[in-house]
Amino acid sequence: MFENKVAVVTGGAKGIGKAIAQEFHKAGAQVCVIDLLPNDYYVGDLAVQSVLEDFARKVIADYGHVDYLVNNALPLMKGLDECTYEEFNYALRVGVTAPFYLTKLFTSHFTPGGAIVNISSSRDRMSQPQTESYTAAKGGISALTHALAVSLAGKVRVNSISPGWIDTDHIVYDGPDATQHPVGRVGNPLDIANMVLYLCSDKAGFLTGENICIDGGMTHQMIYHNDFGWTLGGDRP
């Protein structure tokens, strides 16, 4: 299905991004990874404009076109108490600006049937305290998805995925960590990678502008104090 296709994966050196890159590779695609961590294609900071431009030039020089762009790179997570002005903007540059700018750089090089998949988070709709930089970036990329889908109508399909709790160390959880999910387990990177490849395939040809939450049902389970033994602990203002 993906033989000789070109897939660009940001943040593809570990975790969910690595699983996505590996699945594309196993399916026959040429994979171009950009990450701060060592990898076999391009090491660089997605928050830097010149890095994005140099990376895009390399991809086009090497392959001449792009079939799929997966914006997966992880923004910084800091909150109201500790996050500085620069750190907050850095998170947005990685999580929102880089996906926008890479799309812009690759727009004229996408092949017919091309697809973009943005990796958001279930935190685009729910939060823990002190996570503002990450949450704002993930909310931004969810909104960016439907904006790009409209701008690129007829040229490139654009969708996003909002993962819930995904354990990138492949630990098997049991007890409350598992049972708080209606499906009875914590997620793993392949749960996300499989959906990415589906969204890039012709089977998803009627899907664009959508956000798909993959969280084992966690965001749909209503929880009340003293329900199923759950109690709210700690001091709240």
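Picking from Ala29, Val51, Cys83, whose Cα lies most toward the positive end of the charge dipole for the chain (charges on Cβ: Lys, Arg +1; Asp, Glu -1)? In the chain, that residue is Ala29. Which of these, Glu86, Glu23, Glu53, has the largest mean-square fluctuation under a Gaussian network model of the chain (Cα springs below 10 Å)? So, out of Glu86, Glu23, Glu53, the one fluctuating most is Glu86.
Provide His225, His170, His181, His65 in ascending order of the number of other Cβ atoms located within 10 Å of each residue's Cβ, fewest first. Don't skip to the end; give the middle numbers.
Working: His225 7, His170 10, His181 18, His65 14.
With the fewest neighbours first, His225, His170, His181, His65 line up as His225, His170, His65, His181.
Taking Cα pairs under 8 Å and at least six residues apart, what relative contact order does the stretch 130-190 come out at, in percent? Present the calculation step by step, with values, prior to reporting the outcome.
Details: 36 pairs, mean separation 14.5, N = 61.
Relative CO of the stretch 130-190 lands at 24 percent.
Over all Cα atoms in the stretch 35-81, the spread is summed up by Rg and Dmax: 13.2, 46 Å.
What aspartates and glutamates does Lys155 reach when the alpha-carbon gap must be under 12 Å and sequence neighbours fewer than 8 apart in one chain are set aside? By straight Cα distance, Lys155 reaches Asp67. Scanning the chain for long hydrophobic helices, with DSSP H runs required to stretch 20 angstrom or more by C-alpha along their axis and to average at least 0.0 on the Kyte-Doolittle scale, returns 132-151.
Looking at the chain, identify the longest residue range that excludes and avoids all chymotrypsin sites (Phe, Trp or Tyr not before Pro) in DSSP loops having at most 10 other Cβ atoms within 10 Å. Present the calculation step by step, with values, prior to reporting the outcome.
Working: sites that count: Phe206, Tyr224.
It works out to 1-205.
Strictly over 20 Å apart at the Cα level, which of Lys58/Lys203; Lys26/Lys104; Lys58/Lys104; Lys14/Lys203 would you flag in this model? In this structure, Lys58/Lys203; Lys26/Lys104; Lys14/Lys203 exceed 20 Å between Cα atoms.
The numbers here are math on the coordinates, done by the rules we state, and not lab data. Everything quoted here is computed from the prediction, not taken from an experiment. Ideal geometry is used to build each Cβ from the backbone, glycine not excepted, and the neighbour counts take in all protein chains shown.
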